[in-house]
């Protein structure tokens, strides 16, 4: 399988990663809170006292791709050929269960936890990255 270099965008990836890091650092420095999506959403669903801030965080996650698309940045789409709605629902539930089981999500552990040198986040990140690599390998090279 050849690598699709036309999809390699180092400058936008660097800018996006820098903005994510800046936002995570800003939230930690100003509020002492981790910018993990599952924690933000969980607090919003539990109606924590800081729900307006958490709501703005979640709304920003939803509106940001629309803003990029509206300003001519194009749309990012996933190739979901052959994925049934039932499979996508089950996959989403498994991700949610894994986030709860692991005490956080990829953004909380992978971005914020690793930056804080958390051993628990290192273990979680190694687990979900290994599972992701194995899944892609099995689906693309073994299963067909």
Check your understanding: Within the group 56, 131, 124, which residue is at pLDDT 85 or above, in a helix (DSSP H, G or I), more than 13 Å from the chain's Cα centre (by Cα) and under 16 Å from residue 23 (Cβ atoms)?
Key -> 56
Practice item. Please find, among 108, 113, 104, the residue that is in contact with a helix residue (DSSP H, G or I) (Cβ under 8 Å, 6 or more places away or on another chain), part of a loop (DSSP other than H, G, I, E, B) and touching a residue at least 60 places away in the same chain (Cβ under 8 Å). Key: 104
Study note, to complete from the structure: The one condition residue 47 fails out of (1) over 23 Å from residue 26 (Cβ atoms); (2) within 19 Å of the chain's Cα centre (by Cα) is (2)
Point to revise | Filtered residue count, segment 28-51, keeping only those that are in a helix (DSSP H, G or I) and at pLDDT below 85 | key: 11
Practice item. Can you confirm whether segment 89-98 contains a residue that is in contact (Cβ under 8 Å) with a residue 12 or more places away in the chain, touching a helix residue (DSSP H, G or I) at 6+ places or on another chain (Cβ under 6 Å) and closer than 26 Å to residue 43 by Cβ? Key: no
Practice item. Give the residue, chosen from 103, 108, 98, 113, that is on the phi > 0 side of the Ramachandran plot and surrounded by 11 or more Cβ atoms within 10 Å (Cβ to Cβ). Key: 103
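The values are calculated or read from the model by the stated rules, or taken from the named source; none is laboratory data. Keep in mind that this is a model prediction, so the values were computed, not measured. Methodologically, a virtual Cβ is constructed for each residue, glycine included, from the backbone with ideal geometry; neighbour enumeration extends over all protein chains shown.
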